[in-house]
1. Would you be able to say whether some residue in region 64-77 is without any contact (Cβ under 8 Å) to a residue 60 or more places away in the chain, surrounded by fewer than 15 Cβ atoms within 10 Å (Cβ to Cβ) and out of contact with any helix residue (DSSP H, G or I) (no Cβ under 9 Å at 6 or more places or on another chain)?
2. So which residues in region 1-47 are in a loop (DSSP other than H, G, I, E, B), aliphatic (A, V, I, L, M) and under 17 Å from Met108 (Cα atoms)?
3. Limited to region 85-120, what total is found for residues that are part of a strand (DSSP E or B), of a type in the set (A, V, I, L, M) and under 14 Å from Ala36 (Cβ atoms)?
4. Kindly provide the set of residues from region 19-42 that are over 14 Å from Leu59 (Cβ atoms), crowded, with 16+ Cβ neighbours inside 10 Å and in contact with a Pro (Cβ under 8 Å, 6 or more places away or on another chain), ordered by number.
5. Restricting the search to region 63-84, which residues are over 16 Å from Gly48 (Cα atoms) and in a strand (DSSP E or B)?
6. Could you say whether any residue in region 42-51 is over 19 Å from the mean Cα position of the chain (by Cα), modelled with pLDDT under 95 and of a type in the set (S, T, N, Q)?
7. Looking only at region 5-18, filter to residues that are over 12 Å from the mean Cα position of the chain (by Cα) and polar (S, T, N, Q); which one of those is surrounded by the fewest Cβ atoms within 10 Å (Cβ to Cβ)?
8. Would you confirm whether any residue within region 82-97 is under 13 Å from Ala16 (Cβ atoms) and buried (at least 20 other Cβ atoms within 10 Å of the Cβ)?
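The values are calculated or read from the model by the stated rules, or taken from the named source; none is laboratory data. Predicted model, so just to flag it, every value in this text is computed and none were measured. Every residue, glycine among them, receives a Cβ derived from its backbone with ideal geometry; neighbour counts consider all protein chains shown.
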Amino acid sequence: MSVKVGELMTASVVTAEPHHSVEHVRKLLENNKISAVPVVDTGGKPVGIVSLTDLAHDLKPGSPISSVMTEKVYTVPQYDDTSIAARVMRNHGIHRVVVTHEQKVVGMLSAFDLLKLVESHRYVEKNPPTPSKRKGAKRA
(Lines give C-alpha, C1' and ligand atoms only; values in the text may rest on other atoms or scores of the structure.)
Protein backbone atom coordinates (compact mmCIF):
# COMPACT_ATOMS: atom_id res chain seq x y z
CA MET A 1 0.00 0.00 0.00
CA SER A 2 1.33 3.41 -0.98
CA VAL A 3 0.84 6.09 1.67
CA LYS A 4 0.77 9.69 0.49
CA VAL A 5 2.50 12.52 2.33
CA GLY A 6 -0.83 14.29 2.79
CA GLU A 7 -2.18 11.33 4.78
CA LEU A 8 0.66 11.45 7.29
CA MET A 9 1.67 15.12 7.51
CA THR A 10 0.81 17.53 10.28
CA ALA A 11 -1.64 19.85 8.58
CA SER A 12 -2.04 22.46 11.31
CA VAL A 13 1.31 23.98 10.47
CA VAL A 14 2.52 27.07 12.31
CA THR A 15 4.51 29.47 10.13
CA ALA A 16 6.62 32.57 10.59
CA GLU A 17 7.44 35.44 8.26
CA PRO A 18 10.94 36.76 7.55
CA HIS A 19 10.34 40.02 9.45
CA HIS A 20 9.21 38.25 12.65
CA SER A 21 11.62 38.63 15.54
CA VAL A 22 13.73 35.87 17.02
CA GLU A 23 11.80 36.24 20.28
CA HIS A 24 8.45 35.94 18.48
CA VAL A 25 9.52 32.68 16.82
CA ARG A 26 10.92 31.29 20.09
CA LYS A 27 7.50 31.89 21.66
CA LEU A 28 5.76 30.25 18.68
CA LEU A 29 7.87 27.13 19.11
CA GLU A 30 7.43 27.05 22.88
CA ASN A 31 3.68 27.76 22.91
CA ASN A 32 2.94 25.20 20.21
CA LYS A 33 5.41 22.60 21.55
CA ILE A 34 7.09 22.23 18.16
CA SER A 35 10.73 22.16 17.10
CA ALA A 36 10.63 24.04 13.78
CA VAL A 37 8.56 26.40 11.66
CA PRO A 38 8.66 27.14 7.96
CA VAL A 39 9.24 30.78 7.10
CA VAL A 40 6.86 31.91 4.37
CA ASP A 41 6.42 34.97 2.17
CA THR A 42 3.15 36.88 2.01
CA GLY A 43 1.81 34.39 -0.55
CA GLY A 44 2.45 31.38 1.68
CA LYS A 45 5.46 30.09 -0.27
CA PRO A 46 8.37 28.74 1.80
CA VAL A 47 11.47 30.95 1.88
CA GLY A 48 13.23 29.36 4.85
CA ILE A 49 12.94 27.19 7.92
CA VAL A 50 13.88 27.81 11.55
CA SER A 51 14.47 25.10 14.13
CA LEU A 52 15.26 25.12 17.83
CA THR A 53 18.89 24.48 16.89
CA ASP A 54 18.98 27.73 14.91
CA LEU A 55 17.74 29.58 17.98
CA ALA A 56 20.14 27.91 20.43
CA HIS A 57 22.77 30.57 19.81
CA ASP A 58 22.98 33.85 21.70
CA LEU A 59 20.80 36.03 19.48
CA LYS A 60 19.35 39.47 19.99
CA PRO A 61 15.61 39.01 20.69
CA GLY A 62 14.67 41.82 18.26
CA SER A 63 16.65 40.41 15.34
CA PRO A 64 14.57 39.37 12.32
CA ILE A 65 14.23 35.63 11.92
CA SER A 66 15.49 36.00 8.33
CA SER A 67 18.97 36.59 9.77
CA VAL A 68 19.13 33.06 11.25
CA MET A 69 16.75 30.98 9.14
CA THR A 70 18.03 28.24 6.86
CA GLU A 71 17.21 29.42 3.36
CA LYS A 72 17.47 25.99 1.72
CA VAL A 73 14.04 24.47 2.30
CA TYR A 74 13.36 20.89 1.25
CA THR A 75 9.77 20.45 0.17
CA VAL A 76 7.60 17.59 -1.05
CA PRO A 77 4.15 17.84 -2.61
CA GLN A 78 1.33 16.48 -0.46
CA TYR A 79 0.39 13.94 -3.16
CA ASP A 80 3.88 12.32 -3.26
CA ASP A 81 4.51 8.91 -1.70
CA THR A 82 6.01 8.99 1.77
CA SER A 83 8.97 7.03 0.38
CA ILE A 84 9.96 10.16 -1.58
CA ALA A 85 9.88 12.27 1.59
CA ALA A 86 11.91 9.64 3.47
CA ARG A 87 14.51 9.60 0.71
CA VAL A 88 14.80 13.42 0.75
CA MET A 89 15.29 13.39 4.53
CA ARG A 90 17.87 10.61 4.42
CA ASN A 91 19.82 12.02 1.48
CA HIS A 92 20.06 15.50 3.01
CA GLY A 93 20.42 14.50 6.68
CA ILE A 94 17.34 16.41 7.79
CA HIS A 95 14.57 15.56 10.25
CA ARG A 96 11.62 17.20 8.53
CA VAL A 97 10.34 18.45 5.19
CA VAL A 98 7.85 21.15 4.36
CA VAL A 99 4.77 19.84 2.56
CA THR A 100 3.40 21.97 -0.26
CA HIS A 101 0.44 22.18 -2.60
CA GLU A 102 0.86 24.45 -5.63
CA GLN A 103 4.07 25.79 -4.00
CA LYS A 104 2.27 26.92 -0.81
CA VAL A 105 2.92 25.44 2.62
CA VAL A 106 0.15 23.06 3.72
CA GLY A 107 1.95 20.92 6.30
CA MET A 108 5.10 19.45 7.78
CA LEU A 109 6.33 15.87 7.76
CA SER A 110 8.93 14.71 10.26
CA ALA A 111 10.94 11.55 10.70
CA PHE A 112 8.70 10.79 13.68
CA ASP A 113 5.66 10.95 11.40
CA LEU A 114 7.29 8.37 9.13
CA LEU A 115 7.81 6.07 12.11
CA LYS A 116 4.01 5.85 12.38
CA LEU A 117 4.09 3.75 9.21
CA VAL A 118 6.32 1.18 10.84
CA GLU A 119 4.40 1.32 14.09
CA SER A 120 1.06 0.75 12.36
CA HIS A 121 2.50 -1.97 10.09
CA ARG A 122 1.63 0.02 6.98
CA TYR A 123 5.23 -0.27 5.86
CA VAL A 124 6.14 -3.58 4.28
CA GLU A 125 9.79 -4.48 3.93
CA LYS A 126 10.80 -5.64 0.49
CA ASN A 127 12.68 -8.91 0.05
CA PRO A 128 16.46 -8.47 -0.24
CA PRO A 129 17.99 -8.90 -3.69
CA THR A 130 18.81 -12.46 -4.74
CA PRO A 131 22.56 -13.16 -4.60
CA SER A 132 24.29 -13.52 -7.95
CA LYS A 133 24.98 -17.07 -9.12
CA ARG A 134 27.94 -15.97 -11.23
CA LYS A 135 31.27 -17.30 -10.09
CA GLY A 136 33.33 -14.70 -8.26
CA ALA A 137 30.60 -12.07 -8.33
CA LYS A 138 30.80 -9.66 -5.44
CA ARG A 139 28.10 -7.43 -4.02
CA ALA A 140 28.85 -3.85 -3.18
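1. Looking for residues that are without any contact (Cβ under 8 Å) to a residue 60 or more places away in the chain, surrounded by fewer than 15 Cβ atoms within 10 Å (Cβ to Cβ) and out of contact with any helix residue (DSSP H, G or I) (no Cβ under 9 Å at 6 or more places or on another chain), one finds at least one in region 64-77, hence yes.
2. Correct list: Val3, Met9, Ala11, Val13, Val14, Ile34.
3. Here the count works out to 6.
4. The answer is Pro38, Val39, Val40.
5. If the condition is that a residue be over 16 Å from Gly48 (Cα atoms) and in a strand (DSSP E or B), then Pro77, Asp81 are the ones that fit.
6. Scanning region 42-51 turns up at least one residue that is over 19 Å from the mean Cα position of the chain (by Cα), modelled with pLDDT under 95 and of a type in the set (S, T, N, Q).
7. Selected residue: Ser12.
8. no
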